[in-house]
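Enquirer: The structure's right below; bear with me while I get my questions together.
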Amino acid sequence: MSMMRSAASYKSWARGQCFTPSSSKTNDGFTIDDSSSSGGGGGSGSGSGSDDNSSFYPSERCRAFDTVGYIHLPQFASADVVASMKTTMEQLVNDEWMTSSSSTSTTASSSSSAAVETFRTDDKQVDAQGRSDYFLDSATKIHYFAEPYAVHTDKNNGSTTLKEEYRCNKVTALNKAGHGLHLRPGIFHEYTTSTAISTLLRELGYVDPVVPQSMYIFKQGRRSTSTNDDADLDMDGVVTSHQDSTFLSTTPHQTCIGLWLALDDATINNGCLWVRPGSHDEGIRRQFVRNPKHFGCSLEYQHGKNNNEDTSNDSGRSGDSNEGDTVNCAAPQMIFRDLTTTTTNNDESTTTTDETQRNNNAVPWEGKLPENSLPIPDCPGLYKAGFVPLPCKAGDLLVFAGALDHLSLANYTSNARHTFQLHCVEGEGAGVVWSKENWLQYPNGVPFMKL
Ligand SMILES: O=C(O)CCC(=O)C(=O)O
């Protein structure tokens, strides 16, 4: 079996496979599962067993991934690695978020910000992320995004500050940190560049895997209801249904893959991941794109346009540089393009033949939760829509295709549920190109980290 095929040449990817970890360890301390012949072992689905083309795959987990779109690798990271990630993140938050210090390093630098930015995935996502320089600037840095409920917005001037009750324990206010954690020397970088990760990706068919982004998600425990009687606690920290390739698109085909490392046990009660097996074959439903009305046709980021900073000395990035473009700074930076109804056009750089053929897969829960997703643990609407929960232990890795429909509910326990996530794509060495329309662009042509 040649390992030189592209990721897209596998049909796609598995039905809740849970692989028994092998005892093998890489010399960098991260477990790898040399499961080329192993399979099954307690997964939540039914993808095991040989099928007509099993000899096509280099391993059982590869076949499983291709079949249903995800695999579950128990004990991928050791307890020490998990503990180190959690401690490191807490330290970063305390040292860097909303402090007066600010690093000048160009990669994965910290950034202090008086205003507090939030993160959300509901119908206000364009308002939150689609208008934020802090979000766009986070590509190569570690930026911090709070839960909306932890932030006070001044009614008069719209300024945002962290509520008093979170100031002495800032880590409990956060939704996520990203998107350049892997660029900073330390545990996140070590894990990202470990042999275990690159071996896994190559086994799954990646030829030139690169890492556009990493993030740490906090999934806070349930807040007290006494002071929040009017709050919709069921939406706290919810990640609505989406496909990661919506945000991390490549051409001529989608190659995004998510590596979701549990840093706490994840259960239905605390907001584990739910996935819809097989949905990775349905094509991408939406694309989160830079808005030409804001950026002009070049789609290039012009720092400070949003907040009226003077960019006249910012060589090559002035707000007027795109001759012929009509730009409107008030227009959102990012917008969603619907690929389920768009009549696709093969001249458009972002439209692939793949999507042209598979753009009739609208789902009513896109960017939302399916109807009757609650209450837990029964979640009738989720099962009805075809989702299955993927509970896992701290240190387990969930690997899923960028087109796999997934979501997570609120955390109904009192403790946070942390994860560290990498998103990888094929690089140019595999003939794959990062979309210029993606929100995430590295400055000055800096390439993504190769694995
Ligand atoms: O960790 C979670 O709750 C969901 C994360 C997720 O779906 C994502 O970031 O794409």
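Each value in this text was obtained by applying a stated rule to the coordinates, not by laboratory testing. Note that this is a predicted model, so its numbers are computed, not measured. Backbone-built Cβ (ideal geometry, glycine too); neighbour counts: all protein chains shown.
Enquirer: First measure r as the distance between the Cβ atoms of Lys124 and Thr195, then evaluate 1/(1 + (r/R0)^6) with R0 = 30 Å and state the FRET efficiency to the nearest 0.05.
Expert: 0.15
Enquirer: Output ³J(HN,Hα) for the stretch 245-252: one whole-Hz value per residue in order, computed from phi by the Karplus curve 6.51 cos²θ - 1.76 cosθ + 1.60 with θ = phi - 60°, and x for Gly and Pro.
Expert: Taking θ as phi minus 60°, the curve returns 5, 4, 9, 9, 9, 10, 10, x Hz for the stretch 245-252.
Enquirer: Give the calculated FRET efficiency between Lys450 and Lys155 to the nearest 0.05, with a Förster radius of 35 Å applied to their Cβ-Cβ distance.
Expert: 0.15
Enquirer: Here is a further query. Exposure proxy check: Arg61, Arg167, Arg222, Arg417 ranked by fewest other beta carbons within 10 Å?
Expert: Result, fewest neighbours first: Arg167, Arg222, Arg417, Arg61.
Enquirer: I want the local charge near Ala262. Using Cβ-Cβ distances under 12 Å, sum +1 for each Lys or Arg and -1 for each Asp or Glu among the other residues.
Expert: +1
Enquirer: What is the order of Cys379, Cys424, fewest Cβ neighbours within 10 Å to most? Please list the in-between numbers first.
Expert: Values: Cys379 20, Cys424 29.
Listing Cys379, Cys424 from fewest to most nearby Cβ atoms yields Cys379, Cys424.
Enquirer: Counting Lys +1, Arg +1, Asp -1, Glu -1, what net charge surrounds Val171 among other residues with beta carbon under 10 Å of its beta carbon?
Expert: Combined, the nearby Lys, Arg, Asp and Glu give +1.
Enquirer: Can you order the peptides 431-439, 260-268, 153-161, 292-300 by their average number of other Cβ atoms within 10 Å per residue, highest first? Before the final figure, lay out each step's value.
Expert: Details: 431-439: 19.6, 260-268: 21.6, 153-161: 10.4, 292-300: 17.8.
Ranking the peptides 431-439, 260-268, 153-161, 292-300 by packing returns 260-268, 431-439, 292-300, 153-161.
Enquirer: Of the cross-linked pairs Lys124/Lys450; Lys141/Lys436; Lys141/Lys170; Lys124/Lys219, which ones have a Cα-Cα span greater than 30 Å in the structure shown?
Expert: Values: Lys124/Lys450 34 Å; Lys141/Lys436 19 Å; Lys141/Lys170 19 Å; Lys124/Lys219 18 Å.
Listed pairs above 30 Å: Lys124/Lys450.
Enquirer: On to the next question. Please arrange Val68, Val388 by counting, for each residue, the other beta carbons lying within 10 Å of its beta carbon, fewest first. Present the calculation step by step, with values, prior to reporting the outcome.
Expert: Working: Val68 28, Val388 18.
Going from sparsest to densest Cβ surroundings: Val388, Val68.
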